[in-house]
Amino acid sequence: MLKLRDWDDPVQYPGAGPAEEAFIMTELAERITVNPAQCGGRPCIRGMRIRVIDVLDLLAAGLTQQQVLNELPDLEAEDISACLRFASSRLNHPILAA
């Protein structure tokens, strides 16, 4: 099973020092896992079959964090935060314009 920290994308969080960034990445690595044999290799929460995209879709549909937790009782509040940080880290890259 691959974990987030196995990917070599550096993540920068505005205002976070090196120690804070290390803590954030460690927390993400504990909560977001990728297993090629599970859910088609899509990022999941703590090895469960709850995909990061499932949580993000519920939030995008207007559910509150508490409603998401009620809908998916195996989740913890920290899992939702990890999903948001994960999505942010995947989108936080420079785009070169010609």
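The values are calculated or read from the model by the stated rules, or taken from the named source; none is laboratory data. A quick note: this is a predicted structure, and the numbers were derived from the prediction, not measured. Neighbour counts are summed over all protein chains in view; Cβ atoms, including those assigned to glycine, are modelled from backbone coordinates with ideal geometry. These area figures cover heavy atoms from the full protein model, side chains too; ligands, DNA and RNA do not enter into them. Shrake-Rupley method; radii C 1.70, N 1.55, O 1.52, S 1.80 Å.
Inspect region 62-70 for any residue being modelled with pLDDT of 95 or more and under 15 Å from M48 (Cβ atoms) and give the result as yes or no. The answer is yes; a qualifying residue exists.
For D74, state whether it is open to solvent by 80 Å² or more (accessible area, probe 1.4 Å), closer than 19 Å to P43 by Cα and at pLDDT 95 or above. The answer is yes for D74.
For region 31-81, a residue qualifies if it is in a loop (DSSP other than H, G, I, E, B) and β-branched (V, I, T), and the qualifying residues are I50, T64.
Applying the criterion of being part of a loop (DSSP other than H, G, I, E, B) and among the aliphatic types (A, V, I, L, M) to the residues of region 84-98, the residue that is least open to solvent (accessible area, probe 1.4 Å) is A97. Selection of region 48-57 for residues being more than 11 Å from F86 (Cα to Cα) and surrounded by 14 or more Cβ atoms within 10 Å (Cβ to Cβ) yields M48, I50, R51, D54, V55.
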